[in-house]
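A short write-up of the structure that comes next.
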Amino acid sequence: MPLIVLCGYPCSGKSRRAHELKDFFTKYKARNVHIIGDEIVGTDKTTVYADSQSEKNLRGALRSEVERKLNKDDIVILDSLNYIKGYRYELFCLIKHVQTPHCLVYCLTSAELSSEWNKEREDCQYSQEILDALILRFEAPDSRNRWDSPLFTIQKEDTLPFEAISDALFRRKAPPPNQSTQSQPLSSTNFLYELDKVTQDVLMAVLDSQKTSVPGDIIMVPGATEKIELTRSLNMAELRKLRRQFISYTKMHPTENIGQIANMFIQYLNKSMH
């Protein structure tokens, strides 16, 4: 069943909205609702968000828990910052794979109000330094993006549009699966060979092009129609890591069209650089 992704600055009222949504769907729609939040890691927020690896581990744990809870009967609410557009895209790919609708509820506040609400907390406060850093890094949702739509933007004095959210979840078809999310049978005997060869060729093309390129350039890769948008430089270690991750995922969700492997890998690289 559907996924509701909450998004907003730290201390912007997301948890309050999550419980309002849970009360509505439980009371008026007779739905089971699961709220998944940062407390899943069992450490304080300043500790988690002060370290990039800890934060990355948190996002991975949240995504795994969302995937585990999604089923045909229940509603899942993800109550976290969800401030990185690339992470929201990952969640979108997940719901496409599971074939369920989703929506985004954006709790819009000013930095000053979030700071004020943070100071009023009796526990689980962010340090001011971490709060400011998270607000600075925040990537606001945009309804023109598939992964940020349908989007409901809520300010502190607003009442949640419960029926509109319900309609978005239950009267809208799930997004169709595509080659990067749909599990297909492994029909080609040389699929693994091609997967290894093509991704290695793309990796070498990127490394060679970076010798004469600067951030902002577009890199052409032989044999692919997709282009790499070089927003920043990628070293060998990072490229190898991304290649391993892509290969691991693609082995579990192989494509019957081997000719699309290069384009799929380039799309993956472009998303990973943002």
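None of the figures in this text is laboratory data; all of them are computed from the coordinates on show. Bear in mind that the values here come from a model prediction, so they are computed numbers and not experimental data. Methodologically, a virtual Cβ is constructed for each residue, glycine included, from the backbone with ideal geometry; neighbour enumeration extends over all protein chains shown.
Do the alpha carbons of any pairs in Lys173/Lys227; Lys85/Lys156; Lys69/Lys119; Lys22/Lys156; Lys119/Lys271; Lys22/Lys271 sit beyond 27 Å of each other, and which pairs?
Checking Cα-Cα distances, Lys173/Lys227; Lys69/Lys119; Lys119/Lys271; Lys22/Lys271 exceed 27 Å.
The angle between the Cα long axis of helix 52-69 and the main principal axis of the chain comes to about 80°, on a 0 to 90 degree scale. In the frame of its principal axes, the chain has Cα extents of 54, 41, 33 Å, reported largest first.
Residues in the range 71-81 carry Karplus couplings, in order, of 8, 7, 10, 10, 9, 10, 10, 9, 9, 8, 4 Hz; the curve used is 6.51 cos²θ - 1.76 cosθ + 1.60 with θ = phi - 60°, and Gly or Pro positions show x. Ellipticity at 222 nm from helices only: DSSP H runs of n ≥ 4 in the chain, each -39500 (n - 2.57), divided by the residue count, give -15000 deg cm²/dmol.
Computed from Cα positions, the angle between helix 14-28 and the longest principal axis of the chain comes to roughly 80 degrees. Can you tell me the 0 to 90 degree angle between the C-alpha axis of helix 128-137 and the longest principal axis of the chain, rounded to 10? The two axes meet at around 50 degrees. A convex hull fitted to the Cα coordinates of the range 191-273 yields 78 cubic angstrom per residue.
Farthest toward the dipole's positive end in the range 5-156, which of His102, Val66, Ser15, given Cβ charges of +1 (Lys, Arg) and -1 (Asp, Glu) about the Cα centre? The Cα lying farthest towards the positive end belongs to His102.
The range 204-261 and the range 1-56 have Cα centres separated by 34 Å. State the antiparallel share, in %, of DSSP beta bridges confined to the chain, rounding to the nearest 5. For the chain, the DSSP antiparallel bridge percentage is about 15. Dividing the mean sequence gap of close Cα pairs (under 8 Å, 6+ apart) by how many residues the range 3-170 holds gives a relative contact order of 34 percent.
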